[in-house]
Ligand SMILES: NC(=O)c1ccc[n+]([C@@H]2O[C@H](COP(=O)([O-])OP(=O)(O)OC[C@H]3O[C@@H](n4cnc5c(N)ncnc54)[C@H](O)[C@@H]3O)[C@@H](O)[C@H]2O)c1
Ligand SMILES: [Zn+2]
């Protein structure tokens, strides 16, 4: 069956959730390519639009069998208009990721991530496409959630250099100076983007919410936690810490762990994130019209960076991690989100456990390591 593109107001009867044609921006990327796989596995028809940024793709990956790929920038309105033909929903993964090298990168981040999102949303508004899943990020929260035994939930300021130099890494209560207990951040926590990338990710959400209000569209932002798994970029300035550790192990070196290794994160497997995108796309007809709903998308089980380094080292049979006590100003100590809401509303839960996922990830890295 071919389906006409939606135009005008949302049909009264929600279309069947099978056989959607979905535009996946950034569909050649680490997460986007897994979203494409998951869409195919669920009987949908992905169309990829990706600029194949050199920073993300030292060597651009070939399209998967059956994949329709348009090589274009999301800021190219003509290309986006063409890509949207016959499309029922958009899964917007395209973005410049990571922290960049310095502030000079700011215009590129804002261009790709925010101007790009605005162009895409304007094209969707014109084409009558009313369904959007946006790749969000936990970085919009800044620091994690903390509580003091005496003062309850508090918001600690940035950690002082003198404290960090002395190896005291835990944030302290702004009222009494006591060490704080980390907790789980909910979606309603105040946002506090602390770098350009984080600011652009939050702006994407605001733009998508404005688009939903203006068009009656339905939008979900999946605020991913630290995503890892097959195809994770290696050795680029944008690679995550899991990838750095794995590259060190592949060279036969110890992974070097900053601070005392006690930083808590939530590592979520890329296949689980891909499934979350499909689940969200299929659930969009039941989401409120004219609004964006944000969902934390993590494994739900926090682990420390030190634990991750040890697990990867053991899986590779490599040398044990070295904890250096070094730190990077601006790193957050703990950030772990509660992924309850997405489980309640959409029925999604991560399926890949930490030990199994990290072991698979480590072994993939060893197999792909260059000889010598
Ligand atoms: N990797 C993580 O841990 C993580 C965590 C939170 C959020 N995210 C978000 O997930 C999404 C995917 O990230 P990823 O880790 O797969 O990164 P990635 O760099 O592997 O993929 C991003 C893709 O988008 C493309 N792209 C970038 N700018 C574009 C533009 N202007 N026009 C067209 N294509 C463009 C790139 O070529 C790349 O293929 C991003 O929106 C990112 O912000 C990732
Ligand atoms: Zn206190």
Most fluctuating residue of 207, 49, 292 in a GNM of the chain with Cα springs under 10 Å: which is it?
-> 207
Among 77, 69, what is the fewest-to-most ranking by other Cβ atoms within 10 Å?
-> 77, 69
For the chain, share of DSSP beta bridges that run antiparallel, in % to the nearest 5 | 20
Rg from C-alpha atoms of segment 46-86, normalised by the globular rule of thumb 2.2 N^0.38 Å, equals 1.21
Could you give the distance between the Cα centres of segment 64-112 and segment 196-232, to the whole Å?
-> 13
Diffusion constant of segment 291-333 at 25 °C, which comes from Stokes-Einstein with the Kirkwood Cα-pair radius and 0.890 mPa s, µm²/s | 182
Rounded, prolate or oblate: which one fits segment 66-147, using the alpha carbon gyration tensor with axes a ≥ b ≥ c (rounded when a/c is under 1.5, else prolate when a/b beats b/c, else oblate)?
-> prolate
Principal-axis tilt of helix 196-215 within the chain, Cα atoms, nearest 10 degrees = 30
Here, residue 331 and residue 247, labelled 7 Å along Cα→Cβ, have an inter-label distance in nm of 1.6
Tell me the label-point distance for the pair residue 149, residue 178, using the 7 Å Cα-to-Cβ offset, in nm and rounded to one decimal.
-> 0.5
Expressed to one decimal in nm², the mean projection of the alpha carbon convex hull of segment 239-322 is 6.9
Under a Gaussian network model of the chain whose springs join Cα atoms within less than 10 Å, the largest fluctuation of 356, 276, 127 belongs to 356
Mind pulling up the Rg/Rh value for segment 252-299? Radius of gyration and Kirkwood radius, both on Cα.
-> 1.22
Cα-Cα pairs above 23 Å in segment 141-277: how many percent?
-> 52
Among 311, 18, 203, determine the one that fluctuates most according to a GNM of the chain built with springs between C-alpha atoms less than 10 Å apart.
-> 18
Rounded to the nearest 10, the angle in degrees between the Cα long axis of helix 270-283 and the longest principal axis of the Cα atoms of the chain comes to 40
Place a label point 7 angstrom from the Cα of residue 367 along the Cα-to-Cβ direction, then list the residues of segment 48-90 whose backbone nitrogen is under 19 Å away.
-> 61-62, 64-65
Value of D in µm² per second that Stokes-Einstein yields for the chain, Kirkwood Rh from Cα pairs, at 20 °C (1.002 mPa s) | 100
Which number comes out as Rg/Rh for segment 320-365 once both Rg and the Kirkwood Rh are worked out on C-alpha atoms?
-> 1.11
Residues 73, 50, 102, sorted so that the one with the fewest Cβ neighbours within 10 Å comes first = 102, 73, 50
When only Cα pairs under 8 Å and 6 or more residues apart are kept, what is the percent relative contact order across segment 229-350?
-> 37
Based on a Kirkwood Rh over C-alpha pairs, give the Stokes-Einstein translational diffusion coefficient of segment 106-161 at 20 °C and viscosity 1.002 mPa s in µm²/s.
-> 142
Tell me, in nm to one decimal, what length is gained between residue 108 and residue 77 on full extension, where the rule is 0.36 nm per residue of separation less the Cα-Cα distance?
-> 9.4 nm
Once the mean of 1/r over all distinct C-alpha pairs in segment 192-345 is inverted, the Kirkwood radius in Å reads 17.3
Could you tell me how many degrees, from 0 to 90 and to the nearest 10, lie between the Cα long axis of helix 241-250 and the main elongation axis, the longest principal axis, of the Cα atoms of the chain?
-> 70
Listing 334, 206 from the residue with the fewest other Cβ atoms within 10 Å to the one with the most, what is the order?
-> 206, 334
Give the Rg (one decimal place) followed by the Dmax (whole number) of segment 92-197, computed from C-alpha coordinates and expressed in Å.
-> 18.6, 58
Return the distance in nm (one decimal) between the two label points of a simple spin-label model at residue 324 and residue 349, each offset 7 Å from Cα along Cα→Cβ.
-> 3.9
Percent of alpha-carbon pairs separated by more than 18 Å within segment 257-368 = 59
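Every number here is computed from the coordinates shown, using simple stated rules; none is lab data. In this text, all values refer to a predicted model and were calculated from it rather than measured experimentally. Ideal geometry is used to build each Cβ from the backbone, glycine not excepted, and the neighbour counts take in all protein chains shown.
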